[in-house]
1. With viscosity set to 1.306 mPa s and temperature to 10 °C, compute the Stokes-Einstein D of the chain, Rh being the Kirkwood radius across alpha carbon pairs; µm²/s, no decimals.
2. Along its principal axes, what span do the Cα atoms of the stretch 24-67 show, with the longest given first and each in whole Å?
3. Angle, helix 53-71 long axis vs. longest principal axis of the chain, Cα atoms, 0 to 90°, nearest 10?
4. Hey, fewest Cβ within 10 Å first, where do Asp51, Asp16 land in order?
5. Please report Ile30, Ile37 as a ranked list, fewest other C-beta atoms within 10 angstrom at the top and most at the bottom.
Amino acid sequence: MIGTAYGQYGGVWAQDEARKALGIAGGKVIEEVKLSIPGSVTRFAEIHPADDTEVVEQLTEVIARLKSHAAAPAAA
């Protein structure tokens, strides 16, 4: 789950609710892979997210972790 929001929590509560709904619907939820970016309105007011080194590094890590989960054999 990846999200951003104006507030100091970066949409964490919305992400939690989305994970719950996805789990109830039968989706695969990987709890340990998530990213929230707080203060997006001010943080990205003058810089594009793609130019924010910290965000790029965090997103790259999340994508790598998701790829490793996708490549892992399914549990029986």
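1. Diffusion coefficient, whole number: 116 µm²/s.
2. 40, 21, 12
3. 10 degrees
4. Least crowded to most crowded, the residues run Asp51, Asp16.
5. Ile30, Ile37
Taken together, the values in this text are just the output of simple stated rules run on the coordinates, not laboratory data. Everything quoted here is computed from the prediction, not taken from an experiment. Here the Cβ is made from the backbone with ideal geometry for all residues, glycine too, and neighbour counts use every protein chain on show.
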